[in-house]
């Protein structure tokens, strides 16, 4: 799922050596991006999902007051003041937004019926088998998607950073061994590696994140290694060494600040594909427990309701349609954005 | 070229050792009792776990275990599969051909559709076919296998009932099982499409093909979209090169310039991509086979993973690794044949 970016980090505009003097917002890079309608569409889609994730508690006030799940109690709310969640003047607005209790990620159940319930004024997008409210699951699922994406990227960047720095700075045998390890990871489908790791560690969302991160660091380490190899030949690095700086200090203070920027951009664009891998694992039943707000699980509910009752083939369309469309548009947004940014970054094109 | 192939072959053991060592090291996180399933050939043997642990050094350091594991693997012993209720190697042997069939069937439309639309789009830049191709590639690229597969099933199975999940319909499956037991249906190759033709059973052949339609579309959507994009942009790139202008100015026919001069060069990045495509396909089969209930390696690994059948998951991963490396070797050799500039030194 991760493809190797086709760019040489030392050549693109974000690199300090090639930066435009007039600042980012007036730079040629940003102008090129702004003129591309597909890029703008992608950026708007991603922004929309970020807003949904941030304002998940506010967007589900109606559901929270209808179902009164544990989340409401854990926020310290009673029967009459659930709507305070949507009032920025109340403390609970910020509490729910910044640090919601874990129970808010449990999808409220309209019933315990195994048959999906159709869309209604109470169930905006219907309920899947088990009575799980689809709207609630998708909104909070957006939040858990970003949660997974950001944590995995964070970990993969640190791990990739350490491995890439060691390989790039030391070179020699260490470089050879580490890069063969990267080759081995590249030569396996990332989903299969993740499945093996989750099977052995046990099925949980945390282990899904560990499994994806165990694969995701590899491309970053390779990019950083190339960067460091190029930068360590520059004069200012020799200068630092001449002044007596040792290995780790040279890497951390002089080399990394000059190469980390583009890597951060590339890594943040991988959030889309990481969320997708996590959803795929959940879909297979290897991720979050049943009832946790998670897109992959929402669409796996649909597997039991492919056929409608006799004579009504599309009776349960909402069970597969809504989770599906939410995932597809999310991936589309990241793809459009990522494509445009990579295009802008790569001066050769 | 020859030395290049040798060097790629030398990379094979690196990947093999990497994957197997990784797996044996990961297995250290399990208890010796859980590891035992990867060494026995029948569930009865597990009754005396202590003896198994002792015999295969499961409580010894990892390097001793790695050696025993390699030795057993060389003998073809990958343990007993809880899910398939038979030795893992036998279970994989039964499912492996189905996956190869599915992957090869998907490869045809991926390459065909990808290259054809990519070429048509580049040669008719900004015309209707170009716009259609660009929309198709953006949409296809954004359709995750598990969403597309479910949607296709809802429409073409749930509503229209044109295609059913599985590998063959129930009626044929029972017939087939009886005939295999009676010895009237010979399993020459274990590839159902080929075997049914060799046995002269066109009904089973057509039935099998029909069951491949939806999984192939699901698998091919993302990959063919990627090939389309790369083909289009690299052909546009090639059409702007000096050698294409030279060929035109020599008075060569447009078809010759496009096909012989531009397209052949434009195919090189597509070939590079196809290595990744194969890796992606083998990851994609896990989801696709699970959705369509197709009895291949992918659904085997997924089922084994959900039921904590360690020995099957681990052996499945080793086999996938071997296929990936071999497939990449083929791609690399093709790469050398297409691009004479590459002399692999």
query = If the chain between residue A:204 and residue A:162 were fully stretched, how many nm would it gain, using 0.36 nm times the residue separation less the Cα-Cα distance?
reply = 12.5 nm
message = P(r) for the stretch B:57-188, please, calculated from all Cα pair distances in 10 Å bins and given in %.
response = 9, 19, 25, 21, 17, 8, 1
note = So the angle from the long Cα axis of helix A:271-283 to the longest Cα principal axis of chain A, reported in degrees to the nearest 10, equals 50
note = Ordered by fewest other Cβ atoms within 10 Å, a rough proxy for footprinting exposure, B:310, A:292, B:63 read B:63, A:292, B:310
message = Tell me the Kirkwood radius of the stretch B:96-300: reciprocal of the mean inverse pair distance over distinct alpha-carbon atoms, in Å.
response = 18.8
task = Measure out, as a whole number of angstrom, how far apart the alpha-carbon centroids of the stretch B:5-70 and the stretch B:236-306 sit.
result = 37
ask   = In what order do B:125, A:241 fall by count of nearby beta-carbon atoms within 10 Å, going from fewest to most?
value = B:125, A:241
ask   = What residue among A:57, A:189, A:323 shows peak mean-square fluctuation when chain A is described by a Gaussian network model with Cα springs under 10 Å?
value = A:189
task = Quick one: angle between helix B:310-338 and the longest Cα principal axis of chain B, in degrees between 0 and 90, rounded to 10, please.
result = 30
request  = Over the residues of chain B, compute the C-alpha Rg and express it relative to 2.2 N^0.38 Å.
outcome  = 1.18
request  = At q = 0.07, 0.10, 0.11, 0.15 Å⁻¹, what is the base-10 log of I(q)/I(0) for chain A according to the Debye formula with one equal point scatterer per Cα and no solvent? Please give it to two decimals.
outcome  = -0.38, -0.72, -0.84, -1.25
note = the stretch B:170-218 and the stretch A:224-295 have their Cα centres apart by a whole-number Å value of 49
key: Geometric extent, Cα atoms of the stretch B:249-288 - Rg, Dmax (angstrom)   = 16.5, 52
query = Taking the Cα centre of each part, how many Å lie between the stretch A:109-175 and the stretch B:102-129?
reply = 33
key: Relative contact order [Cα under 8 Å, 6+ residues apart], chain A, whole percent   = 26
Per-residue mean of C-beta atoms belonging to partner chains within 10 Å, peptide A:174-183 = 1
ask   = GNM on chain B, C-alpha springs below 10 Å: top fluctuator among B:328, B:77, B:178?
value = B:178
ask   = In a GNM of chain A with a 10 Å cut-off on Cα contacts, which of A:208, A:265, A:148 has the highest mean-square fluctuation?
value = A:265
request  = Taking all pairs of distinct Cα atoms, average 1/r, flip it, and tell me the Kirkwood hydrodynamic radius of the protein assembly as shown in Å to one decimal place.
outcome  = 27.7
ask   = Counting other C-beta atoms within 10 Å, which of B:68, B:189, A:70, B:99 has the fewest, and how do the rest follow?
value = B:189, A:70, B:68, B:99
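Just so you know, all these numbers are worked out from the coordinates, no wet-lab data involved. In this text the structure is predicted, and so the values were computed from the model without any measurement. Glycine also receives a Cβ, built like all others from the backbone with ideal geometry; neighbour counts cover every protein chain displayed.
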